[in-house]
Amino acid sequence: MSTAQFIPKTVTNSIEKANYTWKTPSNIALVKYWGKSNPQIPKNASISFTLNNCHTITTINFSKKAASGNIQFEIFFEGKQKEEFKPKIADFFERIQEYCPYLLDYSMVITSENSFPHSSGIASSASGMSAIAMCLMSFEQALSSEEMTSDFINKKASFLARLGSGSASRSIEGPLVVWGKHPEIEGSSDLFGVPFPYQIHSVFENYQDTILLVDKGEKQVSSTVGHNLMHQHPYAEQRFLQANENLSKLSAILQNGDVKSFVALVESEALTLHAMMLTSNPYFILMKPNTLEIINKIWNFRAENNSAICFTLDAGANVHVLYPEEEKEKISQFIDNELSKYCQKNHYICDNTGFGAKSTDL
Ligand code: PMV
């Protein structure tokens, strides 16, 4: 599939001022993306649960400029102007300029807020970039003299979001999204995320994710540095093959409801992501002592209660505790009684799978 389909061709309507607001979620990968080539092409396919409660709400105000020129924007985050956010977003706009040429004709004011506390260690790039991408697509639709299908809008929004942050391509739809070309996932692409195209077993519906905030600090290793470390990594090629094989296995598991295999695969993926960082040059330990305490407690609880509880990790110390909805009551108690003490200020966030971006415009 080519990128040319995302370059607008139609005559555009004339608009002086417009604003759009979108709420888009974070996501948590089950098979991880770690390693890419230019421009944001993943080395392996990945799949994630779209979250529901952890989200970003973003409004973009567009005003027509007297003359077309450089991309102009201001950014406000949680009520404050944020100069320090500008370089990353300016890079993003530059990367997508070819696909959104109208950006040159307008100045933009972006206002954004997150539902989760800032510096909670939860990456906000996926929800943040996908929210901007959805606002741009609403504007593009208004400018276009042709009706766009929702399928096209979602694909292009995911395509744009990907150019801001790879994992953001998986935050447009839900509850399960695949990003990266994979022979067994129909319609999958390196250019954008697609909803998992097969019927999932009922046990995976409304799956629960409680995020234990072990370390709320800035990420020790930025994704950019982390992805780059995979270029010289001695185990990289084997890892990319393994991830694609794991996606084949997980595709079958999601359809047949084999939760035991789900647990084994998802935990192995999380530990492998961390193993890649333990064995890179330079090397990093991104877990904290409390991450390990929590993992051991989860393993004991699972053995003692014949539970399907498991964990996954991002590139940091926080732990995502995953479990079926039917175990919610028992596991909520376990988390409150036995795991919350390992979190900074006992903080954790209860989330579950969700359905992706929502417009909040009337
Ligand atoms: O989207 P990025 O470039 O921040 O990379 C995210 C990578 C992980 O979160 C560690 C894994 C994933 O697939 O989301």
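Key figures
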quantity	calculated
Surface share of carbon and sulfur [accessible, 1.4 angstrom probe, percent] for the chain	50 percent
Under-5 Å amide H pairs with Leu30, H placed in peptide plane, nonlocal only	Ile47, Ser48, Phe49
In sequence order, calculated HN-Hα J values of region 12-25 (Karplus, 6.51, -1.76, 1.60; Hz; x Gly/Pro)	9, 6, 9, 10, 7, 9, 7, 9, 9, 10, 9, 10, 10, x
Local net charge near Tyr102, Cβ-Cβ under 15 Å (Lys/Arg +1, Asp/Glu -1)	-1
Built amide H within the under 5 Å cut-off of Asn318, gap 5+	Val214, Asp215
Order by protection proxy (mean Cβ within 10 Å, highest first), peptides 296-304, 201-209	201-209, 296-304
³J(HN,Hα), Karplus 6.51/-1.76/1.60, whole Hz, each residue of region 55-65, x for Gly, Pro	9, 10, 10, 10, 10, 10, 9, 9, 10, 5, 8
Accessible area expressed per residue, the chain, with surrounding protein chains retained (probe 1.4 Å, Å²)	45 Å²
Residues whose placed amide H lies under 5 Å from that of Glu74, excluding near-sequence neighbours	Met108, Val109, Ile110
Cross-link partners of Lys328 among aspartates and glutamates (Cα-Cα below 20 Å; sequence separation of 8 or more within a chain)	Glu205, Asp209, Asp258, Glu267, Glu304, Asp336, Glu338, Asp351
Spread of Cα-to-Cα distances over 10 Å intervals beginning at zero, given as percent, for region 295-336	27, 59, 14
From phi via Karplus (6.51, -1.76, 1.60), per-residue ³J(HN,Hα) for region 238-243 in Hz, x at Gly/Pro	5, 4, 5, 5, 4, 4
Pairs from Lys216/Lys341; Lys216/Lys249; Lys156/Lys216; Lys23/Lys80 whose Cα-Cα separation, in the structure shown, is over 23 Å	Lys216/Lys249; Lys156/Lys216
In Å², nearest 10: area of Ser359 left accessible to a 1.4 Å probe	60 Å²
Hull shadow area, averaged, region 16-95 [alpha-carbon convex hull, nm²]	7.5 nm²
Estimated 222 nm signal from helices in the chain, with DSSP H stretches of n ≥ 4 weighted -39500 (n - 2.57), rounded to 500	-10500 deg cm²/dmol
Whole-percent pair-distance distribution, where bins are 10 Å wide, for the alpha carbons of the chain	5, 25, 33, 24, 10, 2, 0
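The values are calculated or read from the model by the stated rules, or taken from the named source; none is laboratory data. Computed from a prediction, not measured in an experiment: that's the story for all the values here. A quick note on method: Cβ atoms are made from the backbone with ideal geometry, for glycine too, and the neighbour counts reach across all protein chains shown. Ligands, DNA and RNA are excluded from the accessible area calculation, which covers all protein heavy atoms including side chains. Shrake-Rupley method; radii C 1.70, N 1.55, O 1.52, S 1.80 Å.
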